[in-house]
Structure formats: C-alpha cells, structure tokens
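To start, the structure itself, in structure tokens.
We did not get these values from a lab; they are worked out from the coordinates using the rules stated. Worth saying up front: this structure is predicted, and the values here are computed from it rather than measured. We place every Cβ from the backbone using ideal geometry, glycine too, and count neighbours over all the protein chains shown.
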Ligand code: RIB
C-alpha cells in the first residue's frame with residue numbers, strides 16, 4: 001500500500017462580503033457601516049487555504065459557477081497552493097455570504113448561500129475516491145449536501161484515512177455520521193445544537209464531549225472562542241488555551257483556521273493534542289486580521305507562536 005499523505009477537503013467556496021458596523025440593523029432600519037471587504041470564503045475553502053498555508057498538500061473538492069467569484073476561488077487556490085478538484089457549472093452562480101463584523105470586538109454573524117457548491121453530489125465525491133483514499137486526512141462540513149459529506153467520510157474511514165467532521169452550520173444531520181468521525185469539531189453553538197443544552201463553560205463543553213463520544217465519535221474538539229478548544233476523548237479531556245497573537249479585529253475565520261491548522265498538523269503525524277495547540281495558534285493569528293481565507297497565517301508565523 002502506498003504511503004498516505006496530505007489532506008482532502010470537501011466543502012463550499014463562496015465570496016465573503018463583510019460589513020463592519022457597531023451593531024446589526026433592526027428590520028426596516030438602515031445603518032451606516034464603517035468598512036466593507038470582498039474576499040474568498042466558505043468553510044471548506046477557508047479550511048483548505050488554512051491547511052495549505054500551514055504547510056500541508058491540500059486537494060479541495062467543490063463546485064463553482066462560471067463567473068467572477070469562481071475566478072476569485074481559482075486565483076486563491078493558485079496563490080495558496082491548494083489543488084482544486086472542481087466542477088464548473090454553466091447554470092448556477094458561485095455562492096456568496098453576508099457577514100456582519102462588529103467593529104468594536106470582531107464578533108461576527110453570517111448568512112451564507114452556497115450557490116453552485118450547494119449542488120455537490122455523491123458522484124462528485126465518488127469521482128475523487130482515489131485522492132481521498134490516498135490522503136492522510138479527510139475534512140468536511142455541512143455547507144454542502146450531507147449525503148456528499150457522508151460518502152466522503154465513509155470512503156475515508158474504510159481506507160484508514162483520519163476523518164475530521166466540522167458540523168457547521170448548525171443543521172440537523174443523520175446520527176450515523178458520528179460513527180464515521182475520528183474527530184468531530186463543532187464550535188460551542190453547533191455543539192449545543194447537537195447535545196440539546198447550552199455551552200457556557202469548559203465544564204459544559206466536557207459534558208457535551210461525553211455526549212458526542214456516546215453518539216460514536218472517537219474524539220470531540222469543541223472550540224470555545226477566547227476560552228480555547230477542548231480536546232475530549234474517552235481517555236483524556238484537555239482545555240487548550242486560546243493563543244493571543246494581538247488585537248482581535250475579525251473572528252469570522254477563526255473556526256476554519258483552527259480546523260485547517262489542526263488538519264495540517266495531523267497530516268504530518270503530530271500528536272493530536274499538539275495538533276490542537278497548532279490549530280489554536282493558527283486561529284489566534286487569523287483573528288488579528290480581516291477576512292477569512294486572506295487572514296490565514298503561514299507555517300513560519302504559526303511556528304513563531306509555539
Ligand atoms: O466559517 C466562516 C465562513 O462561513 C465564511 O467564510 C462564510 O463564507 C461562511 O461559509
């Protein structure tokens with residue numbers, strides 16, 4: 001059997017349109033914002049860019065429209081060193097996200113429309129079976145159809161590839177997915193949605209971690225914003241502190257930075273707990289910059305914090 005290497009990510013690309021203001025407007029209200037950015041986004045795409053900048057070889061399976069946003073995606077992958085495994089669609093636009101960023105503390109709120117990537121099918125995943133099977137790590141989320149996520153996780157699991165499932169956004173998904181997860185990696189909002197109780201402390205996160213393990217995941221990685229990330233297995237439960245790399249100005253890409261960094265470290269056979277520390281450093285740097293994919297740090301920048 002050939003040596004497995006690198007990462008395959010299944011997910012969506014969208015163009016992020018980010019609006020900076022001191023609060024969200026009310027219904028029927030218009031408020032003035034202080035800034036606007038347009039850049040590459042989408043959780044799977046951001047995770048791919050984060051992992052590649054953090055030193056991994058990355059394949060990204062997705063769909064794009066034949067439009068300017070689709071070209072933005074391809075130029076992003078060329079710059080970051082991500083290998084796109086993309087179907088271009090004539091009849092669907094590339095998706096977009098509305099992102100509110102609180103100009104005072106970097107908090108965010110998002111509406112995402114998947115566009116062409118919302119049409120990803122299980123056939124798209126099957127067509128990339130070989131690259132999934134030969135990867136060291138497979139990563140997916142819930143922004144594209146869940147059947148595609150399930151097939152990717154199944155192919156990876158059967159081939160002995162480490163699986164990371166980021167159940168984001170917080171949508172319902174079938175219970176059989178838990179058993180396909182080496183690592184399930186929700187944030188506190190997504191974890192609360194799954195377990196049915198709020199997560200306001202590391203202790204709540206540990207209880208949630210227990211539930212995720214009972215449901216079949218081998219390990220839970222619950223990100224807790226400025227409280228860091230909980231690494232929870234049947235043998236250990238460790239809260240890894242967040243890395244403070246500077247003033248927080250935009251938290252939108254934090255979760256994707258964490259997952260991309262973690263996946264990158266895992267693909268190099270790093271011990272999982274050290275890989276969580278690597279992910280926390282990746283996220284800690286990303287939140288000091290504007291945007292999602294454009295905020296992802298390089299391997300040298302991450303190593304400087306470890
Ligand atoms: O996780 C952040 C991402 O979620 C943004 O880039 C936005 O596009 C949404 O997909």
In whole Å, how far is the Cα centre of the stretch 230-277 from that of the stretch 2-38?
21 Å
Of 306, 180, 221, 72, how do they rank once you tally other Cβ atoms within 10 Å and put the fewest first?
306, 72, 180, 221
Mean-square fluctuation maximum in Gaussian network of the chain, Cα pairs under 10 Å, restricted to 90, 182, 250, hits 90
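Once you compute Rg and the Kirkwood Rh from C-alpha atoms, what is the Rg to Rh ratio for the stretch 95-182?
Details: Rg = 15.0 Å, Rh = 14.3 Å.
That ratio is 1.05, to two decimals.
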Could you identify which residue out of 252, 83, 163 has the top mean-square fluctuation in a GNM of the chain using Cα springs shorter than 10 Å?
83
Just to compare against my own numbers: the Cα pair-distance distribution for the stretch 1-140, 5 Å bins, whole % per bin, please.
2, 10, 18, 19, 17, 13, 9, 6, 3, 1, 0, 0, 0
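Run lengths n ≥ 4 of DSSP H only: what is the helix-derived mean residue ellipticity at 222 nm for the chain, with -39500 (n - 2.57) per run over all residues, to the nearest 500? Working shown, then result.
Working: 10 runs with 103 residues, N = 306.
It lands at -10000 deg cm²/dmol.
If we count other beta carbons within 10 Å of each Cβ, what is the order of 270, 296, 89, 32, fewest first?
On the way: 270 15, 296 29, 89 18, 32 7.
Lowest to highest Cβ neighbour count: 32, 270, 89, 296.
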What is the Cα centroid distance between the stretch 73-107 and the stretch 134-184, reported in whole angstrom?
21 Å
Which residue fluctuates the most in the chain, going by a Gaussian network model with Cα springs under 10 Å, if the choices are 234, 264, 34?
34
Would you work out if the chain is rounded, prolate or oblate? Take a ≥ b ≥ c from the square roots of the eigenvalues of the alpha-carbon gyration tensor; rounded if a/c is under 1.5, else prolate when a/b is larger than b/c, oblate otherwise.
rounded
